[in-house]
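Accompanying notes for the structure given below.
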Amino acid sequence: MYQGETLSLTRLDGDFLEINFNNQNGSVNKFDSQTLNELREAMVILKQAESVEGLLLTSSKSVFVVGADITEFSVMFNATRDEFVSQAADVNRMFSDIEDLPYPTVAAINGFALGGGLEICLTCDKRVISASASIGLPETGLGIMPGWGGTVRLPRLVGFNLALGWIVSGAPQSADQAMAAGAVDLISEPNSLRKDALNVLVDLASSSPEFLSRRPAKLGPVAITAQEAAVAAEDACNAVRSRQGENYPAAFSVSELMVSACELSRDDAVSLENHAFFEITQTSQARALTGLFLGEQYVVKQAKVRNEPFAATSQPVACSAVIGAGIMGGGIAYQNALKGIPIIMKDINQAALDLGISEASKLLNRGVKRGKLTEAKAEAVLSRITPSLDDDSITNCDMVVEAVVELESVKAQVLASVEAQLSSIDSVICSNTSTISINRLADSLQRPENFCGMHFFNPVHAMPLVEIIRGEHSSDQTIAAVCAYALRLGKKPIVVNDCPGFLVNRVLFAALLGMEMLIAEGADFEQIDQVMEKWGLPMGPAYLSDVIGLDTIVHCYSVLLKGLPERFIEIEPSRSSQVLFDGERLGQKNGLGYYKYSKNDQGRPSKTADTSVIATFENLFGKAKAFEEQEIVSRIMGAMGMEMVRCLEEGVVASPTEADMALIYGIGFPSFRGGICRWMDELGLSELCAMGDKYSLISPLYAPTTALRVKAAKGEALY
């Protein structure tokens, strides 16, 4: 009856119709503009069809429909209110037409039915789900809300409280959870899903009063009073506030919408949803979170694209090695073994090997306790790690990560030794370093084209980012191989060019130096932490310094003060971190830093103020005084932002997307702000330049670049 590139409409035996989603242009079904246009065309034919007994919705892909096409959101976000509401109303009319068909409808849900994919299923009279499938409305995680009837139909199906919880959390629901909630009517084995769904449809058609009796509840108000709904919504909002503060407004907006709509008819509630959907798309959080979603896809795609020229000759890593055990080496070994890559953990010290194995075992035992691994699986993973004191053990490895102490002379010596031990001239060597020049380390090698940096973030198992540092001689094939390796490890590789501090540490330490300058002017570091955590950082800069370790902080400063002396300038009379380090305070490593630490009931470090630090700073910098919150934010984030602008202009990082994702993955930059570049765009480049000019007399870190001024004058943005 109809055949498009993303779906078809077919007449089956017994006068049943089937809409089958089968996107020929991609691996999954999604509601992009083409699919919606084809659905619109199919619906015209469907409504004109005669002698129809029922409609079946199915998918020929491994998923039902994953939702709307996020790549088209920028167009949607830029629409006027009238354009936006008109487009949303058009889709909702289609969905309501399915719901109002004069014969029964059944959806067969396989894989995932998310967002719009679930919303179209909710229009049906019944839903049959594969035992391995899941459903959900994840839109609040993108800073938006369900916009094609999800806030209207779900509460009328499963009840207001449960629907609100699903939508506010955005969490996927398993087949069992969906069945228990009443969101689906039957769980089927995957290989019999379509057959079972068709049988349900046939049964419905033969007993028409049953499906007709269900429909009035879907068209009228929700079975709850407005007062009861308001109480439930307030509870849900308070739960969100306790986890996320006020920084993710989508949950609050959808709660308000659902309370307002609960006493309305379906059509009036859908109309209210259309307008609320527009309002939430105009927030900075929606732009940030959808940008983050696209950024995650972009980073992975870039890593894969790098390997395309070498796909015919490249082979996946068969055996890897980490040189240097201990905590970091053990973490790298664990990640390899967990992902199925056999790894040699090489060290010159048996105690270090024991510590590395202990670290891997600890992580595996934690997985067993949490039910993520069986004991047999944990043992199998651990068996892939071979600890060794023997130099010859790494001979046949094709990927080697050097992770010895952060001293250039030691690393250079180890790298040269490793290269000499490898049997293949094509083996790749990486240095896990956070500060040492890859170009200088390459001088110790005979084949520098096979060498690059691979900066893992600690703890390795938890931190998604890996900085791949390209040296002057690193070949494209080497970079591609290391990116592919990082993806296999479950990491997000971002390629940067060699420079002092690379990317993440360079811009992070600009922000930390902003804090140090404030403290030297008499600011209270506790106030700075409180302000920046309120702004959205997972921990304030002083607290972060303690977590990193003040010995590491001082070392990194030395690299940047030497490597970028035109902007990273020593503070008079002294940097607070140096003062603390000189007083043998290392942060959480020895329980004394900006704060002092003791173990809480869970055995984790808990910080409290230390009067001796306050007294020391008062003697050096004067009695602490309060600063305006906005000045604290501007001084810290402005320094980070301007340094990131320079990194982009110098080509240290290729794009604002990769720059932002590096900070989100690497330091936990707040997702609702989308990254430092997204924050600067939201602020506006003209305002950014004005802020930089205001503080440039304090430090050249804040001075806008010429290119940034040109962009600002043209009204351009970084994205």
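Miscellaneous remarks
- Stokes-Einstein D for segment 314-496, Kirkwood Rh over Cα pairs, 37 °C, 0.692 mPa s (µm²/s): 204
- Cα→Cβ-extended label distance, 7 Å offset, between ALA707 and ALA609, nm: 4.5
- Its residues counted as N, segment 2-282 yields a C-alpha radius of gyration over 2.2 N^0.38 Å of 0.95.
- Förster-model FRET efficiency, 56 Å R0, ASP100 and SER383, C-beta, rounded to 0.05: 0.40
- Applying 0.36 nm per residue to the separation of ASP443 and GLU308 and subtracting their alpha-carbon distance, the gain on full extension is 45.7 nm.
- Cα pair distances in the chain, grouped into 20 Å bins until the bin that holds the longest one, percent each: 15, 41, 34, 9, 0
- The chain: relative contact order in percent, alpha carbon pairs under 8 Å with at least 6 residues between: 8
- Label point distance in nm, SER558-GLU234, each placed 7 Å from Cα along Cα→Cβ: 5.9
- Straight-distance crosslink candidates among lysines, where the alpha carbon sits under 17 Å from LYS346 and sequence neighbours closer than 8 are dropped: LYS411
- Residue pairs, from the table LYS362/LYS491; LYS195/LYS218; LYS596/LYS623; LYS304/LYS377, whose Cα atoms sit over 23 Å apart: LYS195/LYS218; LYS304/LYS377
- In the structure shown, the pairs LYS301/LYS339; LYS492/LYS599; LYS599/LYS625 are assessed against 27 Å; a Cα-Cα span above that value is assigned to LYS492/LYS599; LYS599/LYS625.
- In the chain, the longest principal axis of the Cα atoms and the axis of helix 476-488 are about 60 degrees apart.
- Cross-link reach list, aspartates and glutamates versus LYS714, counting only Cα pairs under 14 Å and skipping chain neighbours closer than eight places: ASP681, GLU687
- Rounded to 10°, Cα long-axis angle of helix 656-667 versus longest principal axis of the chain: 70
- Packing-based exposure ordering (other Cβ within 10 Å, fewest first) of SER655, SER423: SER423, SER655
- For GLU402, the amide hydrogen comes within under 5 Å of the amide hydrogens of ILE323, CYS430, SER431, ASN432, counting only partners 5 or more places away or on other chains and with H modelled in the peptide plane.
- Fraction of beta bridges assigned by DSSP in the chain that are antiparallel (%, nearest 5): 30
- The share of alpha-carbon pairs in segment 444-529 lying farther apart than 18 Å comes to 56%.
- Projecting the Cα atoms of ILE676, LEU697, ALA717 onto the charge dipole of segment 637-719 (Cβ charges, centred on the Cα centre) puts LEU697 farthest toward the positive pole.
- With bins 10 Å wide beginning at 0, the percent of Cα pairs of segment 253-412 falling in each bin runs 9, 23, 20, 18, 12, 12, 5, 1.
- For LYS372, a cut-off of 20 angstrom between C-alpha atoms picks up these aspartates and glutamates, skipping any fewer than 8 places away in its own chain: ASP176, GLU359.
- Crossing angle, helix 160-169 versus the chain [Cα axis fit, 0-90 degrees, rounded to tens]: 30
- Look at VAL710, VAL158 and count the other Cβ atoms within 10 Å of each Cβ; fewest to most, that gives VAL710, VAL158.
- Those residues of segment 224-256 whose amide nitrogen sits under 17 Å from the label point placed on PHE77, 7 Å along Cα→Cβ: 248-251
- As a calculated quantity, the FRET efficiency between GLN413 and SER598 at R0 = 41 Å, using C-beta atoms, amounts to about 0.55.
- In this structure, ASP90 and GLU210 have a Cβ-Cβ separation that, at R0 = 45 Å, corresponds to a calculated FRET efficiency of about 0.90.
- Among LEU264, GLY26, SER383 - extreme Cα towards positive end, dipole of the chain, charges at beta-carbon: SER383
- In this simple spin-label approximation, ALA420 and GLU296 carry label points 7 Å from Cα along the Cα→Cβ vector, and these lie 4.6 nm apart.
Rule-based calculations on the coordinates, nothing more; no lab input. Just so it is clear, the model here is predicted, and its values are computed rather than measured. Ideal geometry is used to build each Cβ from the backbone, glycine not excepted, and the neighbour counts take in all protein chains shown.
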